[in-house]
Amino acid sequence: MRSSAALLLVAAAVAASAFSSPAPPPRGRPLLVTVDDLPVSSARLHPDPGERERITRRLLDALRARGVRAVGLVTWRNVRDEEDRRLLDLWLEAGHELGNHSFAHPDLTRTPVAEWIADAERGREALAAHLSARGLALRFFRFPFLREGATEAERREARAWLARSGQRDLPVTLDTQDASFEEPWVEARRRDDRQEMARVAEDFQASLRLAVERQERVGDELFGRTTPQILLLHATEVGAEQWARLLDGLQESGHRFATADEVLADPAFADPPAFLASFGCGLWDRIAHARDEERSRAEIEALLHRQAEAWSRGDVEAFASAYDDDVLFVSPSGMTRGRAEVIARYRERYPDRLAMGSLALEVLDVRTVWGRETSPLGDALPGRIHGATVVARWTISRPDRSTASGLTLLALERGPDGFRIVRDASM
Ligand SMILES: [Zn+2]
């Protein structure tokens, strides 16, 4: 009885696995490969059509051998003639998708936004026509240099154009310096300098491996899980020679090549933050910066709230603990330097609880201070937020007197113990 029940269970399990159980989820970190500046990244280095085709075919071979379905981003100025259109068709025939990367690769942060949109629209029209003649639709756009606008107006107008024209911004999570190896590689190859080529190849591989490791660590820490990735590569000759080893290395380190639809369905891509800067960087570094921005604003709000509470309970020392030792306090009556002197000034002007009344500080504007940094690999990165300027309205209410109110401009620096006020101009 017992053994026949066990047999039945085994039979049921076999039947289930053979006929009804879904396939196990694929293993490995999903990775979308994207290739910028198609058909060939540098027309200046590769004017010869035969060379352009050889590069294209080798890039496609490396992808095909590993079952990669990539998205190629076309810079339409690089499509010079019929032969270059044919190179785009090789990508399409190999099962890859093509997206728009503008016509002349303009930098949104250095080009009037209307001019930038006109250029990107010119690229879109040309590529959309090429695709629709082949029964395909254009879905993706990638910002040249990953620069999405240094001002709110630039960002808003570029995004509105994307929405109007039905294109989706295809972000990058793994920003790399692969294109910077193209010129040294081509020069060494033309001299037939094997030693130099081998050296460039090693640097290419090491640089990409480190860039992938660093940015994946940032993404995984932000989301507390294994994040899917979007790798940025360029259509280069050095890539044509190095992609096989690069892609094999990625598989060995636990990556699984995935489609754009699979990767972009991940919630990590749902709500990319506004990143206003004159440079571009990978998505995880943008999100990390946006979180630092939120944290900084919350810390500053909390600091001013604690200050107001201390004042309102008559504790001038606690109120002034938000000030740096060397604070400079400026008011219509003059300038006071140093925290101790600021405390003495307040004590003189507000000698008791009644005179102090209760203080409210309403934050009207916060602007954080940070800049561009460069990683050891040459990637531009947002620097840590190290300060802020704040405009606030102060209001002192006293039961027996009229309410006093005014504005204050604070400059804050962020040290190991958080933000401190280094300048205070109250009026
Ligand atoms: Zn580009």
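No lab work stands behind these numbers, since they all come straight from the coordinates. In this text the structure is predicted, and so the values were computed from the model without any measurement. Cβ placement follows ideal geometry from the backbone for every residue including glycine, while neighbour counts extend to all protein chains displayed.
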With a sphere of radius 9 Å drawn around the Cβ of Arg159, what net charge do the other residues whose Cβ falls strictly inside it have (Lys, Arg +1; Asp, Glu -1)?
-1
Picking from Arg69, Arg349, Arg225, which is most flexible by a Gaussian network model of the chain using Cα springs under 10 Å?
Arg349
Just need the relative contact order of the chain here, percent rounded to a whole number, with Cα pairs under 8 Å and 6+ apart.
15 percent
Select from Ser42, Ser312, Ser207 the residue whose mean-square fluctuation is largest in a Gaussian network model of the chain (Cα-Cα springs shorter than 10 Å).
Ser312
Take every DSSP beta bridge with both residues inside the chain and express the antiparallel ones as a percent of the total, to the nearest 5.
60 percent
If you line up the Cα atoms of the chain on their principal axes, what length do they span on each, largest first, in Å?
84, 80, 48
Got the relative contact order for the stretch 47-167 handy, in percent, Cα pairs under 8 Å and 6 or more residues apart?
23 percent
Sort 228-234, 302-308 for me by packing, meaning the mean count of neighbouring Cβ atoms within 10 Å per residue, highest on top.
228-234, 302-308
With n ≥ 4 as the cut-off for DSSP H runs, can you work out [θ] at 222 nm for the chain, using -39500 (n - 2.57) per run divided by the number of residues, rounded to the nearest 500?
-14000 deg cm²/dmol
Kindly work out what percent of the DSSP beta bridges joining two residues of the stretch 292-426 are antiparallel, to the nearest 5.
90 percent
